[in-house]
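Please treat every number below as a calculation from the coordinates, not as lab data. Since the model is a prediction, treat every value here as computed from it, not as a measurement. Glycine also receives a Cβ, built like all others from the backbone with ideal geometry; neighbour counts cover every protein chain displayed.
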Amino acid sequence: MLISVKVTPKASTNAVVSFKDKALQVKVTAAPENNKANEALIKIVSNFLRVPKSKIQIISGLKSRHKTLSVETDDIGSVEAGLNSKN
């Protein structure tokens with residue numbers, strides 16, 4: 001499953017804010033240097049979707065605020081329900 005994400009680095013909190021315009025809006029406290037914001041993003045999305053971090057990869061946008069994540073899961077319904085909970 002592919003998920004579009006818009007990341008806000010150096011935010012005051014780590015949180016999934018919303019799912020709008022077909023993109024997950026995520027705030028991370030980490031700065032966008034040395035891959036720290038990307039690592040924080042994967043951890044936050046992993047907790048939010050209840051999917052192991054090892055099953056989430058950034059497939060595009062490593063150095064951008066707009067990213068595409070690949071989420072490997074057998075339970076697509078659970079992931080979609082998590083996304084829809086933030087509409």
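Answer yes if at least one residue in the stretch 65-74 is on the phi > 0 side of the Ramachandran plot and over 10 Å from the mean Cα position of the chain (by Cα), and no otherwise. Checked against the condition, which is being on the phi > 0 side of the Ramachandran plot and over 10 Å from the mean Cα position of the chain (by Cα), the stretch 65-74 yields no hits at all. When the residues of the stretch 26-49 are filtered to those that are in contact with a strand residue (DSSP E or B) (Cβ under 8 Å, 6 or more places away or on another chain) and aliphatic (A, V, I, L, M), the one that is farthest from LEU69 (Cα to Cα) is VAL28.
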